[in-house]
Amino acid sequence: MTELTTTLGAANRRAVFAVTALGSFMASLDLSIVNVAFPSLEHSFHHDTTATLSWIITAYTIVFGSLLVIAGRTADRLGARRLFLTGLAIFGLGSLACGVAPDVALLIVGRVVQGVGAAAVLPSSLGLLLAAFPSSRRSETVALWGGIGALAVATGPSIGAALISGFGWRAAFFVNLPVVVVALSCGPRVLAKTARSERSSYPDYPGAVPLAVSLALLVLGISQGPSWGWSSLRIMSIFAGAVVALCIFLFRSSRHQSPVLDLTLFRARNFSAANTATVVYAMGFFAMLLGNILFLTSVWHYPILEAGLAVTPGPLVVAVVSGPAGRITARVGFRRVLLVGFSVFALGLGWYALRVGAHPDYAAVWLPGTLVIGLGIGLTFPILSAAAVSSLHPERFSVGSAVNQTARQIGGSVGVAVLVAILGTPASAAIDLTRFQHVWIFCALAAVTAGVVSTTVRAHLSPAER
């Protein structure tokens, strides 16, 4: 039976936003919340090597990033509501497995299951959201949704630090269970059934395997490059395999009548430009995110909980700015808001590079910088998400969102690898400070480059494209 999109009142639309935002926040939160649990995990599993423990973080990123596009196409084909609720249940099971895991092997398996669930939840949540709101509010809605995701990633270290300090590393996984229960309880009642694609043929799922393999190998190579050596045979083979798998996918997709990723999507200028800018910007964003926590704990010697709280004002600004940024974008267009946002983000990082010293000075130096950076994030990531899907047909909302999220994951993996390469091994306080200054400069340059790319984004869509 074909599912039908229903027209919702304002109260129901708010309920839909609340439920889908819960799912989006939860899936995005686990991209960063586990990072601060690493010291606690090392203590609990002291017989396992750091390389083995790193798979607890890497496994989620690889599975999540490699399945996003497949999940987005499935949501468009079978209905976003069905996939969203299924993904929530899978994510909850994975979280439970991680929370009770007696050893690293089961913990890694649980993270893989979480990655599968998160990949299903994220693109389908946007598909549900856009189906519930009129096209006139599309930019504002997607911007707010994107702000929720950026807020989750940015607050992951502070939320994780608070939970782990009070209850241990298992709390970083158990915290997901109440969210899953609430979303699964409310979802069937408030989420409208979304329109399924009327295409008679099923997506080319076998042909999507090379895409998943390519993205998984790419993320694996970037994640392990610093520890295995960028010129090692293993890393070079992994990258070569990623290129070959991608070529196979592109060749098959260009010839199949119903590919998982329709390559004609990239003919839309806003879609291509927004995703290119997302890759570049995510490099700076994720490097800054982890780099700031490392700076506060290693150079200023903040305890992990204090470091988490120190970066919290920035994400709060993101939450406040995202909604108004979407409304402003509807009036003045994507390009102007993005250019202002990238400039503000780079300005905040320039402030850090020039003013932050080896001795703590939170109120006069760190706080102003994090507030400016938060403003920049609120004006960029949510708007990039909106621009990426702005000209797509409703049947392609979920897969378009999935491509944008995949672009974010690829950029983030590259950015973290660059961060590790710049920081190297700990040295003297003066040397470490200089290295962090170089990190901030790199992040600022990534934002400036993304701004240059964003000049090709069309400011407004024609009435036919809305």
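The values are calculated or read from the model by the stated rules, or taken from the named source; none is laboratory data. Because the structure is a prediction, the values reported are computed rather than measured. Glycine gets a Cβ as well: all are built from the backbone with ideal geometry, and neighbour counts include every protein chain shown.
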Query raised in the report: Only one residue in 326, 284 is assigned by TED's automatic domain parsing to the domain that holds residue 352, in a helix (DSSP H, G or I) and either under 18 Å from the mean Cα position of the chain (by Cα) or of a type in the set (Ser, Thr, Tyr) (or both). Which one?
Result: 284
**Report entry** Number of the condition not met by residue 239 [criteria: (1) of a type outside the set (Ser, Thr, Tyr); (2) farther than 20 Å from residue 65 by Cβ; (3) outside the structural domain of residue 448 (by TED's automatic domain parsing); (4) in contact (Cβ under 8 Å) with a residue 12 or more places away in the chain]
**Finding:** (2)
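Quick check on residue 318: is it in the same structural domain as residue 439 (by TED's automatic domain parsing) and more than 21 Å from residue 452 (Cβ to Cβ)?
On the way: in the same structural domain as residue 439 (by TED's automatic domain parsing): yes; more than 21 Å from residue 452 (Cβ to Cβ): yes.
Taking the combined requirement at face value, the residue satisfies it.
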Query raised in the report: Looking at residue 62, is it out of contact with any Lys or Arg (no Cβ under 9 Å at 6 or more places or on another chain) and either at pLDDT 80 or above or more than 27 Å from residue 214 (Cα to Cα) (or both)?
Result: no
Query - Check on residue 265, within 22 Å of the chain's Cα centre (by Cα), surrounded by 15 or more Cβ atoms within 10 Å (Cβ to Cβ) and not assigned by TED's automatic domain parsing to the domain that holds residue 444 - result: no
Query raised in the report: Given (1) under 25 Å from residue 413 (Cβ atoms); (2) at pLDDT below 80; (3) crowded, with 18+ Cβ neighbours inside 10 Å; (4) over 22 Å from the mean Cα position of the chain (by Cα), where does residue 41 come up short, assuming only one miss?
Result: (2)
Report task. Hey, can you tell me all the residues within the range 73-99 that are more than 21 Å from residue 152 (Cα to Cα) and at pLDDT 95 or above? Result -> 97
Requested in this report: Determine whether residue 348 is buried (at least 24 other Cβ atoms within 10 Å of the Cβ) and part of a helix (DSSP H, G or I).
Outcome: yes
Requested in this report: Give the number of residues within the range 315-344 that are surrounded by fewer than 24 Cβ atoms within 10 Å (Cβ to Cβ), in contact (Cβ under 8 Å) with a residue 24 or more places away in the chain and over 23 Å from residue 25 (Cβ atoms).
Outcome: 9
